[in-house]
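K.L.:
Okay, here's the structure, questions in a sec.
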Amino acid sequence: MSAAQRLIRKVPVDDLAEAEAKVELAALAEELARHDEAYHRQDAPEITDAEYDALKRRNDLIEKRFPKLVRGDSPNRKVGASAAAGFAKVKHIVAMLSLDNAFSDEDVAEFDGRIRRFLNLDADTTVEMTAEPKIDGLSFSARYERGRLAVAATRGDGAEGEDITANLRTIRELPDMLMGDPPRLIEVRGEVYMTKPDFDCLNRAQAAKNAKIFANPRNAAAGSLRQLDPAVTAERSLRIFAYAWGDVDRIDWKTQADFLQRLKSWGFPINRETKVCGGLTDLLAFHERLQSRRAELAYDIDGVVYKVNRLDWQQRLGFVSRAPRWAIAHKFPAQQAETVLEKIEIQVGRTGVLTPVAHLRAVNVGGVMVTRATLHNEDEIARKDIREGDTVVLQRAGDVIPQIVASVSKKRPKKSSPFKFPDRCPVCGSRAPREEGLVARRCTGGLICPAQAIERLRHFAGRDAFDIEGLGEKNIQAFFADGLVRTPADIFTLQARDTKSLTPLSRREGWGPKSADNLFSAIDARRTVALERFIFALGIPQIGQATARVLAQHYGSYDEWRQAMVAAADREGDAFRDLTSIETIGPSIADDLVEFFAESRNLEAVDALIDALDRVEDFVTIKVGNSKIAGKTIVFTGNLVSMSRSEAKARAQTLGAKVAGSVSKKTDMVVAGPGAGSKLKEAEKLGIEVIDEEAFLKIVGA
Ligand code: IVH
């Protein structure tokens, strides 16, 4: 029983003295808030809805009898805290991207080289970059209209975040009105963080209240920002650094350094460690120096971010998938610790791969409590001779999953034996052989293996796929076990079946009318889905988010895509040729796609899903201006003189064109330079428009 629970009493409200009522209201506020959090945020309610409602009713009765005692943080003042599931969503007009990582000096040198090649620079030209500390916090985007804060959001999945305007407003360092001469419209982006002293102070207070202890300042900042009640956020000392922009209507700065100065003039805190560096040597020196001072800084950092200083160069460099080509995060080396490996568990993934996971005695590695680590595969365990009971060296670098570096042989128990990797699936018992030349063992149980089915459903409902709030691992497992949800379509027919069921969800253990309703509305909210999410959600081997997007862009609509995938079974036919002409689709990915659609049970599952959904939205190509090449498929062949091939492709894509690697009937245009060969001939044979570099430059406005 928690301290708060003990204070919630059983005596009739009419018999309470005022002083008792006061204590009890405080306890109820705390207790209800804790359950809101467990329910909405952790997807792990600790009490039934009926119990929750009883607490809430008691709170209301006491408040009614003692109106003077109604608290600032009364459960009734939290707008939507118990009704709406969390925060409203905000679409980012300009995506919030992430950064590629560099882990060594060589990686940074390669980054510099890549930029030079892309921009066609000679060896004497300096590429100036800003070096900024990489703040270990949470990114935010704050939209200012006519200088006034309008909306603020978290990063979310980069395309859509959560509306945290009320919470962010409580941060004193974030200006409500901008000073000076800002653009009429600008989204300012940066990091919310907590200083190390504030973190210690918060944890001491939490301990005194018997409340949650945070593992590190980043978690504390996250927990404080994601409060449904902004009054709680206001009590936590959160700070910000600004460093980037999103949507904007006027850019009158020419470099990142300029922009940081503008931010400062508008009233934002910027990081004073930031420096403009003249080249590779300079960058690496900055990194080394900052790393040596890391402990002295009042806030946590996990590396240095380098950004090409010149904006015109940034624009030419553009983006690859989810990260800019013009920036990179140079991480600090990993932090290490020793602990005991208690057990090796074999998990079965959605494609049947068996993955060994180490269960560890809890240990703090660089500010994070670690209890699990991946062991990768059978060979890795054998190579490092890692055994259950061993003392192992653990390492964690930034946000990556902790790794086991080695086992400490001196500390090995006497009676230990090498780990024997199973050759059968631990869940369904099917054979799990190793395919020729591959490191992984794979369960052959396919569609009969419950572990794979559950993982596929989890992937399907996950954040980057259908993103169904409240349908996490625990619920999927329970629904699967009871036969309620076995395929994706079942998720969308759940409510219809539930209303006819003798044992509806609302009467199941741990559920109530409110929680069941919340789940059904979360499912309803996803009956329309973007094509790229739909494709990714199916969990076809090798089809990650980036590839799903490429497919969505290429085929445009669900119907086109499905038809083409079925037709591609004929490997000599046009559909297969068209599929493999897509730049990033090699033969192995094409095979996985074809095989998925060749399995009739997969087709049935996909069709049933389509029936249960409202709509799969067509892919929208963002047309920049009215470019002649928007929506067209272009193939480059031969050499280019004025820019690199990568830059030419990137420019075409920015204008909404698709770039293919080979010529087919679907090609609209071929850009041919000196040295062009078979692709040019093929284009001429098919009567496809062929242009030279000069004409291409005119189209892209270079
Ligand atoms: S720039 C398009 N600058 O790191 C560039 N990010 O790993 C967007 N971060 O999501 C990011 N300090 O949350 C940038 N000085 C800094 C940063 C920084 C911390 C975070 C940010 C981003 C993540 C990417």
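K.L.:
Calculate the dipole size of region 272-328 relative to its Cα centre from +1 charges on Lys and Arg beta carbons and -1 charges on Asp and Glu beta carbons; express the result in debye to the nearest 20. Walk me through the numbers before you get to the answer.
P.N.:
On the way: 10 positive and 7 negative charges, 48 e Å.
Dipole about the Cα centre, nearest 20: 240 debye.
K.L.:
Give the residue from ILE535, PHE597, THR584 lying farthest towards the positive end of the charge dipole for region 535-669; charges sit on Cβ (+1 for Lys and Arg, -1 for Asp and Glu) and the dipole is referred to the Cα centre.
P.N.:
Farthest towards the positive end: THR584.
K.L.:
log10 I(q)/I(0), Debye, Cα-only region 580-649, no solvent, q = 0.12, 0.14, 0.22, 0.29 Å⁻¹?
P.N.:
Summing over Cα pairs of region 580-649 leads to -0.63, -0.78, -1.10, -1.20.
K.L.:
Also, I was wondering about something else. Dividing the alpha-carbon Rg of region 572-702 by 2.2 N^0.38 Å yields what? The partial results should precede the final answer.
P.N.:
On the way: Rg = 17.6 Å, N = 131, 2.2 N^0.38 = 14.0 Å.
Normalised by 2.2 N^0.38 Å, the Cα Rg of region 572-702 equals 1.25.
K.L.:
Further question: Using the scaling law 2.2 N^0.38 Å as the reference, what is the normalised Cα Rg of region 122-169? Display every interim value, and only then the final one.
P.N.:
On the way: Rg = 16.5 Å, N = 48, 2.2 N^0.38 = 9.6 Å.
In units of the 2.2 N^0.38 Å rule of thumb, it is 1.72.
K.L.:
Let me ask something else. Accessible area per residue, 1.4 Å probe, Å², for region 271-417: what's the number? Don't jump to the answer; show the numbers that get you there.
P.N.:
Working: 7090 Å² over 147 residues.
Averaged over the residues of region 271-417, the accessible area is 48 Å².
K.L.:
Further question: Return the Rg/Rh ratio of region 234-367 with Cα-based radii and a Kirkwood Rh. Show your work: numbers first, answer last.
P.N.:
Details: Rg = 20.5 Å, Rh = 19.0 Å.
Result: Rg/Rh = 1.08.
K.L.:
Can you pull the percent of region 271-376's accessible area that's carbon plus sulfur, 1.4 Å probe, other chains left in place? Intermediate results must be reported in sequence, preceding the final value.
P.N.:
Numbers: 2320 of 4700 Å².
Using a 1.4 Å probe with all protein chains present, region 271-376 comes out at 49 percent carbon and sulfur.
K.L.:
Using the Karplus equation 6.51 cos²θ - 1.76 cosθ + 1.60 (θ = phi - 60°), what ³J(HN,Hα) coupling, rounded to whole Hz, does each residue of region 469-483 give in order, writing x for Gly and Pro?
P.N.:
Residue by residue, region 469-483 yields 5, x, 9, x, 3, 4, 5, 4, 4, 5, 5, 5, 4, 8, x Hz.
K.L.:
Still on this model: When the dipole is taken about the Cα centre of the chain, and only Lys, Arg (+1) and Asp, Glu (-1) are charged at their Cβ, what size is it in debye, to the nearest 20?
P.N.:
Working: 103 positive and 103 negative charges, 260 e Å.
Value, rounded to 20: 1240 debye.
K.L.:
I'd like to check one number: the per residue accessible area of region 109-231, probe 1.4 Å, reported in Å² as a whole number.
P.N.:
On the way: 5360 Å² over 123 residues.
The answer is 44 Å² per residue.
K.L.:
Can I ask one more? Residues with amide H under 5 Å of ALA530's amide H, sequence separation 5 or more or different chain, H placed in the peptide plane at 1.01 Å from N; which?
P.N.:
Distant-sequence amide H within range of ALA530: GLU617.
K.L.:
May I pose another question? For region 107-129 and region 408-438, what is the centre-to-centre distance using only Cα atoms, to the nearest Å?
P.N.:
46
K.L.:
Just want to confirm a number: the relative contact order over region 290-435, from Cα pairs under 8 angstrom separated by 6+ residues, in percent.
P.N.:
Values: 248 pairs, mean separation 26.1, N = 146.
Relative contact order, region 290-435: 18 percent.
K.L.:
In a solvent-free Debye calculation with one equal scatterer on each Cα, what is log10 I(q)/I(0) for the chain at q = 0.06, 0.09, 0.10 Å⁻¹, listed in the order of the q values?
P.N.:
-0.43, -1.03, -1.28
K.L.:
List, largest first, the extents of the alpha carbons of region 170-219 along their principal axes, each in whole Å.
P.N.:
47, 16, 15
K.L.:
Moving on. Using the eigenvalues of the Cα gyration tensor, what equivalent ellipsoid semi-axes result for region 318-402 when each is taken as the square root of five times the eigenvalue, whole Å, largest first?
P.N.:
Numbers: eigenvalues 152, 71, 24 Å².
They are 28, 19, 11 Å, listed from largest to smallest.
K.L.:
Set Lys and Arg Cβ to +1 and Asp and Glu Cβ to -1, take the dipole of region 151-249 about its Cα centre, and tell me which of GLY180, TRP245, ALA166 lies farthest positive.
P.N.:
Result: ALA166.
K.L.:
Please report, for the Cα atoms of region 505-563, the Rg to one decimal and the Dmax as a whole number; what are they, in angstrom?
P.N.:
16.4, 46
K.L.:
Filter the cross-link list LYS343/LYS384; LYS209/LYS514; LYS665/LYS698; LYS343/LYS420; LYS10/LYS474; LYS91/LYS134 down to pairs whose alpha-carbon distance in this structure exceeds 22 Å. List each step's numbers first, then the result.
P.N.:
Numbers: LYS343/LYS384 16 Å; LYS209/LYS514 30 Å; LYS665/LYS698 25 Å; LYS343/LYS420 12 Å; LYS10/LYS474 33 Å; LYS91/LYS134 25 Å.
Where the Cα-Cα span goes over 22 Å, the pairs concerned are LYS209/LYS514; LYS665/LYS698; LYS10/LYS474; LYS91/LYS134.
K.L.:
Carbon and sulfur atoms: what percent of the 1.4 Å accessible area of region 489-608 do they account for? Walk me through the intermediate numbers first.
P.N.:
Values: 2810 of 5580 Å².
After summing per-atom areas, the C and S share lands at 50 percent.
K.L.:
Can you give the calculated 222 nm mean residue ellipticity of the chain, where each DSSP H run of n ≥ 4 adds -39,500 (n - 2.57) and the sum is split over every residue, rounded to the nearest 500 deg cm²/dmol?
P.N.:
On the way: 25 runs with 261 residues, N = 702.
Mean residue ellipticity at 222 nm (helix-derived): -11000 deg cm²/dmol.
K.L.:
I would also like to ask the following. What distance in nm separates the two pseudo spin-label positions at LYS685 and ALA285, each 7 Å out from Cα along the beta-carbon direction?
P.N.:
So the label points at LYS685 and ALA285 sit 5.9 nm apart.
K.L.:
Distance between Cα centroids, region 519-534 to region 164-202: provide it in whole Å.
P.N.:
The two parts, judged by their Cα centres, are 32 Å apart.
K.L.:
Report the FRET efficiency, 1/(1 + (r/R0)^6), for GLN206 and ARG272, where r is their Cβ-Cβ distance and R0 is 41 Å, rounded to 0.05. Walk me through the numbers before you get to the answer.
P.N.:
Values: r = 30 Å, r/R0 = 0.74.
Efficiency, rounded to the nearest 0.05: 0.85.
K.L.:
Calculate, for region 500-616, the solvent-accessible area per residue in square angstrom, rolling a 1.4 angstrom probe over the heavy atoms of the protein chains.
P.N.:
Details: 5580 Å² over 117 residues.
Averaged over the residues of region 500-616, the accessible area is 48 Å².
K.L.:
I want to check the label-to-label distance for VAL357 and ASP618. Put each point 7 Å from Cα in the C-beta direction and report it in nm to one decimal.
P.N.:
4.2
K.L.:
Of ILE629, VAL606, GLY573, which is farthest on the positive side of the dipole of region 551-702, counting Cα position, with +1 on Lys and Arg Cβ, -1 on Asp and Glu Cβ, and the Cα centre as origin?
P.N.:
The one lying farthest along the dipole's positive direction is ILE629.
K.L.:
Where a Cα-Cα gap under 17 Å defines reach, which aspartates and glutamates qualify for LYS414, not counting those fewer than 8 residues away within the same chain?
P.N.:
Cα-Cα hits under 17 Å: GLU342, ASP385, GLU388, ASP390.
K.L.:
If you take every DSSP beta bridge whose two residues both sit in the chain, what share of them, in percent to the nearest 5, is antiparallel? Please list the in-between numbers first.
P.N.:
On the way: 70 of 86 bridges.
Given both bridge residues lie in the chain, the antiparallel proportion sits at roughly 80 percent.
K.L.:
Across region 236-342, how many lysine pairs, 8 or more apart or on two chains, come within less than 16 Å at their alpha-carbon atoms?
P.N.:
On the way: LYS254/LYS264; LYS254/LYS307; LYS264/LYS275; LYS275/LYS307; LYS307/LYS331.
Close lysine pairs under the 16 Å cut-off: 5.
The values are calculated or read from the model by the stated rules, or taken from the named source; none is laboratory data. None of the values given here were measured: they were computed from a predicted structure. Neighbour counts run over all protein chains shown; Cβ positions are idealised from the backbone, glycine included. For the accessible areas, the whole protein counts, side chains as well, though only heavy atoms, and no ligand, DNA or RNA atoms are used. Shrake-Rupley method; radii C 1.70, N 1.55, O 1.52, S 1.80 Å.
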